[in-house]
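Structure first, then comments.
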Amino acid sequence: MQSQIKSEKTHFNKLQKRLRREVGRAIAEYNMIEDGDRIMVCLSGGKDSYTLLDILLNLKTYAPVNFDLIAVNLDQKQPGFPEHILPEYLESLGVEYRIVEEDTYSIVKEKVPEGKTTCALCSRLRRGILYRTATELKATKIALGHHRDDILETLFLNMFYGGKMKAMPPKLVSDDGQHTVIRPLAFCREKDIVRFSEFKEFPIIPCNLCGSQENLQRQAIKAMFTEWDKRFPGRMESMFRALRNVAPSHLADSSLFDFKSLTADGKPMEDGDTAFDPVDVPLTFKDETDEEEKPDQASIVNIVNL
Ligand code: SF4
């Protein structure tokens, strides 16, 4: 019994360390937090936003820069929303917070015809309210709890249904140029966040209160990723690395690379194309972020010579 408790504790410490390290790496790489920032942390009551707040609160205690956090929850008046959970949790932490009450649920129900998807209007309304709240609170940054798997799912959704190579950026400026949005969990794996929130026993609020079915396509992609992650450990890491390692000259977007002016001038190019060499495919996909999860034989893939 004692040894089981000890091993769980060790497991939790490793997990917490990994999540904190990944958040630190993302913040540094994209310069997400600067001295004097007042960061509005959007808290939905799901595992991701609880994890985000937990890690940022910890970071605040030792970061070399000074920044403030204010947690914000938007109560969209969905039926059955347990209003007391977040205020009680935030008060127990002693965190500054604001609960914004706006009945977007009724607006969406009234405007969107029965059977049509509600998420587009709901998200637009929510975004507007959160931006307005950030201005009222004089927040310099808005932090969202999207993680690596959300980013990859969005990439695939955009490729499958939108015809765009577009994911979710770790940092962006809002379309009106007024707000900077950051995603400090951008490098964190969803499965780590799930385990972390179980260990921490966050008071999770169910996310299906609106009854929307829209996320079915996202769920299908999630299921595909879960299957890949089992069969090919490291594939998710490799896909995410690809997002940070883009070669516009090897895609087909002529607005990103000037193909029209491309001509052979006889001079060797450092990143020039070898054209006829096979793509370098490793024998195994290795998950480099998790020493505990070694790739097994099932992850060995056949190389098809190109
Ligand atoms: S799932 Fe529900 S709460 Fe979330 S964006 Fe869609 S309609 Fe809104």
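The values are calculated or read from the model by the stated rules, or taken from the named source; none is laboratory data. Please read all numbers here as calculations on a predicted model, not as lab measurements. Neighbour counts run over all protein chains shown; Cβ positions are idealised from the backbone, glycine included. Ligands, DNA and RNA are excluded from the accessible area calculation, which covers all protein heavy atoms including side chains. Shrake-Rupley method; radii C 1.70, N 1.55, O 1.52, S 1.80 Å.
Here are the numbers:
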| quantity | calculated |
| --- | --- |
| Overall form of segment 101-185 per C-alpha gyration tensor (a/c, 1.5; a/b vs b/c) | oblate |
| The chain, helix-only ellipticity at 222 nm - DSSP H runs n ≥ 4, -39,500 (n - 2.57), divided by all residues, nearest 500 | -13000 deg cm²/dmol |
| Unsatisfied cross-links (Cα-Cα over 23 Å) in the set Lys47/Lys141; Lys138/Lys171; Lys191/Lys230; Lys77/Lys109; Lys141/Lys222; Lys9/Lys222 | Lys141/Lys222; Lys9/Lys222 |
| Order of exposure, largest accessible area first, which applies to Lys47, Lys171 with probe 1.4 Å | Lys171, Lys47 |
| Chain lengthening between Lys109 and Ile85 when straightened (0.36 nm per residue, less Cα-Cα) | 6.2 nm |
| Cα→Cβ-extended label distance, 7 Å offset, between Trp228 and Arg195, nm | 2.1 nm |
| Surface accessible to a 1.4 Å probe, Asp258 within the full protein complex, Å² | 90 Å² |
| Prolate/oblate/rounded call for the chain, Cα gyration tensor, a/c under 1.5 rounded | prolate |
| Net charge of Cβ neighbours under 13 Å - reference Arg38; Lys, Arg +1; Asp, Glu -1 | -2 |
| Acute angle (nearest 10 degrees) that the helix 119-136 long axis makes with the longest principal axis of the chain, alpha-carbon atoms | 70 degrees |
| Linear extension gain, Lys260 paired with Thr274, 0.36 nm per residue minus alpha-carbon span | 3.1 nm |
| Computed accessible area, Arg231, all protein chains, 1.4 angstrom probe, square angstrom | 120 Å² |
| Cα gyration tensor, segment 1-108 - rounded (a/c under 1.5), prolate or oblate | oblate |
| Antiparallel content of DSSP bridges confined to segment 50-186, in %, to 5 | 30 percent |
| Rounded accessible area of Arg189 (nearest 10 Å², 1.4 Å probe) | 10 Å² |
| Positive-end residue, the chain charge dipole about Cα centroid, Cβ charges, pick of Leu155, Gly145, Leu172 | Gly145 |
| Approximate spin-label separation Leu57-Leu121, in nm, with each point projected 7 Å along Cα-to-Cβ | 3.7 nm |
| Degrees between helix 47-62 axis and first principal axis of the chain (Cα, 0 to 90, nearest 10) | 90 degrees |
| Counting DSSP beta bridges with both ends in the chain, the antiparallel % (nearest 5) | 15 percent |
| Positive-end residue, the chain charge dipole about Cα centroid, Cβ charges, pick of Ile85, Val112, Leu43 | Ile85 |
| Given charges at beta-carbon only (K, R positive; D, E negative), |dipole| of the chain in Debye | 220 debye |
